[in-house]
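Just below is one structure, and these are the notes that go with it.
The values are calculated or read from the model by the stated rules, or taken from the named source; none is laboratory data. Keep in mind the model is a prediction, meaning the values are calculated, not measured. All Cβ positions, even for glycine, are placed from backbone atoms using ideal geometry, and neighbour counts span all protein chains on display. Only protein heavy atoms, including side chains, enter the accessible area calculation; ligands, DNA and RNA are left aside. Shrake-Rupley method; radii C 1.70, N 1.55, O 1.52, S 1.80 Å.
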Amino acid sequence: MAYKTILVHAAPEAEAQGRIRLAARLARAMDAHLVGSAPTGVSRYTPDATRALLAAPCAALREAARQALARFERLAHEEGVASVETRLADDEAGAALLLDARYCDLVVVGPGRHDTTPLRPSDLAQFLALAGGRPVLMVPTGGNAALPGGGALVAWNGSTEAIRAVDGALPLLRAARQATVLRLMDGAVDGDDSGPRLA
């Protein structure tokens with residue numbers, strides 16, 4: 001099993017470069033299709049009259065998204081990704097990425113920020129993980145763009161959510177040098193061997 005389609009949030013901020021490079025390296029290693037999504041931050045539910053009043057700011061946001069996608073394409077090609085696609089979405093980041101995530105195997109985003117806007121919601125990774133139904137890889141700001149391959153920690157409690165999380169992470173876990181299972185249970189359960197069985 002490998003990821004065949006990887007979605008990355010190609011935000012205008014400079015810190016997006018690290019996560020784009022990491023997503024591109026994963027796509028190249030897995031021969032996956034890489035999709036860069038740059039939402040403008042303007043909700044699709046904004047009334048036309050309001051959009052008309054905000055024409056200049058909306059145009060600036062759209063241009064910033066176009067530039068972010070141009071940078072995404074340049075970085076993806078520098079990393080040798082064979083199959084690349086861009087998506088400019090007139091929507092806020094959560095809604096746009098949630099829609100695109102439905103058709104991808106992995107979503108790569110950055111952490112939330114304190115100066116949140118529709119372009120940078122503070123809980124984007126959490127929102128996508130809970131509402132998107134796809135695995136989410138959060139790359140820290142200023143994080144290394146090296147491929148995962150060191151140690152991995154799996155928090156396990158045998159729940160449906162844990163099963164889905166492990167299943168979604170299998171391609172990354174296979175690449176890890178070592179994986180450790182941390183069994184977290186609410187209470188002692190006699191005869192529960194789910195931790196060793198998962199390992």
Of everything in region 126-167, what is under 13 Å from L198 (Cα atoms) and in contact with a strand residue (DSSP E or B) (Cβ under 7 Å, 6 or more places away or on another chain)? Give them in sequence order. L153, V154, A155, W156, A162, V166
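Within region 44-65, is even one residue closer than 23 Å to P148 by Cβ and either at pLDDT 90 or above or touching a Ser or Thr at 6+ places or on another chain (Cβ under 7 Å) (or both)?
There is no residue in region 44-65 that is closer than 23 Å to P148 by Cβ and either at pLDDT 90 or above or touching a Ser or Thr at 6+ places or on another chain (Cβ under 7 Å) (or both).
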State which residue pairs qualify: first residue farther than 15 Å from V8 by Cα and inside region 121-135, second residue open to solvent by 60 Å² or more (accessible area, probe 1.4 Å) and assigned to a loop (DSSP other than H, G, I, E, B) in any location, beta carbons under 7 Å apart, and separation of 6 or more residues or different chains. S122/R113; S122/T116
At least 2 residues that are in contact (Cβ under 8 Å) with a residue 40 or more places away in the chain and open to solvent by less than 10 Å² (accessible area, probe 1.4 Å) in each: list the strands (runs of 3 or more DSSP E) lying fully within region 1-106 that qualify. 5-9, 33-39
Inside region 146-175, can you point out the residues that are touching a Lys or Arg at 6+ places or on another chain (Cβ under 7 Å), assigned to a loop (DSSP other than H, G, I, E, B) and either at pLDDT 85 or above or open to solvent by less than 60 Å² (accessible area, probe 1.4 Å) (or both)? G149, G150
Do we have any residue at all in region 73-86 that's among the basic types (K, R) and closer than 23 Å to Y3 by Cα? yes
